[in-house]
Amino acid sequence: MNNENIALARILRHELHNIPEPSGKEIKTAQLIKAFLAEYTTLEIHDCGKGFYAAHREKDAKESIALRADYDALVIEAAKSENDKPVCAHLCGHDGHTAGLCLAALELEGKTIGKNVFFLFQPAEETGEGAEGCCELFRLEHIDEIYGLHNLPGFRFGQVYTTLGSFAPASFGMTMRFNGKTSHAAYPKDGICPAYAVGRLLAALPEISAPGNFSGMVLCTVIGVQMGGTSFGKMCGDATVRLTLRGEHGDELDRLRDEIVSMATGLAGEYHLGFERDFCDVFPATENDPGCAEKVLERCNGALLDEPMRWSEDFGWYLRKCRGAFFGIGAGVDCPPLHTSGYEYPDDLMPYAAGAFLNILGVEA
């Protein structure tokens, strides 16, 4: 791999690292990536939803392959800047994903490989909103296969990992609101307290989501419960429960959701409470096409994961439109975990990531 290209990609990653922007607001980030590609490649650049893609076209191309990278940063909860804006940081490695894909583009520059290649750059992966919008690519261009990757702290450095089926589960956040009526603490009969309904619901969740009830991995994680205040003279009248639900198989995740909502609705009725629910951060299951996953394993000297990853990835939206595969690349067994303050994408991993993409294309890295 060309050392000058590696150096350019390293500079790009550091520039991206220093301008982290939250999901859906990656304005400077997108401008920087486009400017880099315009300066160092002859690729066509086209908008695609709220993201964009860079096209390598060949007159006699026999197939068209899309390669995807995400570029949003992570919002650091409970931290705000002096102007009251959320504080962000690249604690998931999307700066490295993007710089690695740009490195692959640099290496492809000037080559003829018998394929059209579309380098897709996507915002808003952290919220699960970016990929669905970028599916416009499949309307704008004919795509035969699509591939994406994520760095994997805790795994052997540079090793490619994938699965022949489910790589990452479907997931979503669910907020449930129980609306009662406050009263003086001395006269609780004058109010409607949601605490007992919420308590019964929380106590039932482990049984509802027990592994024996499902064929694949299913998780119900309590994110937060809010009710009442700090005054000992006032009974609480409203409560909010926030859960994250995950499921290896979409139909089983739907069943888990329905069972929880059914119980919550029944408890709300029993205790004369109003009940509302809504959903956010919706990620479909990332289900690899077996043939495409086999290509990753063969061309990248890959290894099979023992089980799917537990975090979710919005690449699943693309796999609903087109066959393809998602894979991981080890960031080192001692690399700090994703979404922690000690994490930063390792610069030396970029040539491995770019090399994996090139190998999938049939280009010697």
So, in segment 110-129, of the ones that are aliphatic (A, V, I, L, M) and closer than 10 Å to His56 by Cβ, which residue ends up surrounded by the most Cβ atoms within 10 Å (Cβ to Cβ)?
Val117
Does Ser312 satisfy being out of contact with any Lys or Arg (no Cβ under 8 Å at 6 or more places or on another chain) and modelled with pLDDT under 95?
no
Selection over segment 40-58 where residues are among the polar types (S, T, N, Q) and open to solvent by 40 Å² or more (accessible area, probe 1.4 Å) yields a count of 1
Give me the pairs: first residue in segment 354-365 and farther than 11 Å from Leu108 by Cα, second residue not hydrophobic (A, V, I, L, M, F, W, C), beta-carbon distance under 7 Å, and six or more apart or on different chains, which are they?
Asn359/Arg299; Ile360/Tyr147; Ile360/Lys295; Ile360/Arg299
Given the structure, is Cys300 under 27 Å from Leu137 (Cβ atoms) and either open to solvent by 80 Å² or more (accessible area, probe 1.4 Å) or modelled with pLDDT under 95 (or both)?
no
Tell me which of these Lys321 doesn't satisfy, since it passes every other one: (1) assigned to a loop (DSSP other than H, G, I, E, B); (2) within 19 Å of Gly96 (Cβ to Cβ); (3) open to solvent by 30 Å² or more (accessible area, probe 1.4 Å); (4) in contact with a helix residue (DSSP H, G or I) (Cβ under 9 Å, 6 or more places away or on another chain).
(2)
Pairs returned, first residue in segment 14-26 that is within 19 Å of Ser341 (Cα to Cα), second residue that is surrounded by fewer than 19 Cβ atoms within 10 Å (Cβ to Cβ) and among the polar types (S, T, N, Q), beta-carbon separation under 7 angstrom, 6 or more apart or interchain, are Ser23/Thr127
State the number of residues belonging to segment 143-168 that are β-branched (Val, Ile, Thr) and touching a Ser or Thr at 6+ places or on another chain (Cβ under 7 Å).
1
Can you tell me which residue among Lys34, Lys85, Lys80 is open to solvent by 30 Å² or more (accessible area, probe 1.4 Å), of a type outside the set (Gly, Ala, Ser) and either touching an Asp or Glu at 6+ places or on another chain (Cβ under 6 Å) or modelled with pLDDT of 95 or more (or both)?
Lys34
Looking at Glu21, is it open to solvent by less than 30 Å² (accessible area, probe 1.4 Å) and either at pLDDT below 95 or charged (D, E, K, R) (or both)?
yes
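Looking for whichever is open to solvent by 10 Å² or more (accessible area, probe 1.4 Å), in contact with a strand residue (DSSP E or B) (Cβ under 8 Å, 6 or more places away or on another chain) and farther than 27 Å from Phe357 by Cα here; the options are Leu273, Leu305. Which one fits?
Working: Leu305 fails: farther than 27 Å from Phe357 by Cα.
Only one candidate passes the filter, namely Leu273.
Please pick out the residue among Thr244, Thr230, Thr175 that is in contact with a Lys or Arg (Cβ under 6 Å, 6 or more places away or on another chain) and either more than 14 Å from Leu267 (Cβ to Cβ) or modelled with pLDDT of 95 or more (or both).
Details: Thr244 fails: in contact with a Lys or Arg (Cβ under 6 Å, 6 or more places away or on another chain); Thr230 fails: in contact with a Lys or Arg (Cβ under 6 Å, 6 or more places away or on another chain).
Among Thr244, Thr230, Thr175, only Thr175 is in contact with a Lys or Arg (Cβ under 6 Å, 6 or more places away or on another chain) and either more than 14 Å from Leu267 (Cβ to Cβ) or modelled with pLDDT of 95 or more (or both).
The values are calculated or read from the model by the stated rules, or taken from the named source; none is laboratory data. A quick note: this is a predicted structure, and the numbers were derived from the prediction, not measured. Counting neighbours? That spans all protein chains shown, and the Cβs are built from the backbone with ideal geometry, glycine included. Remember, those area values only see protein heavy atoms, side chains included, never the ligands or the DNA or RNA. Shrake-Rupley method; radii C 1.70, N 1.55, O 1.52, S 1.80 Å.
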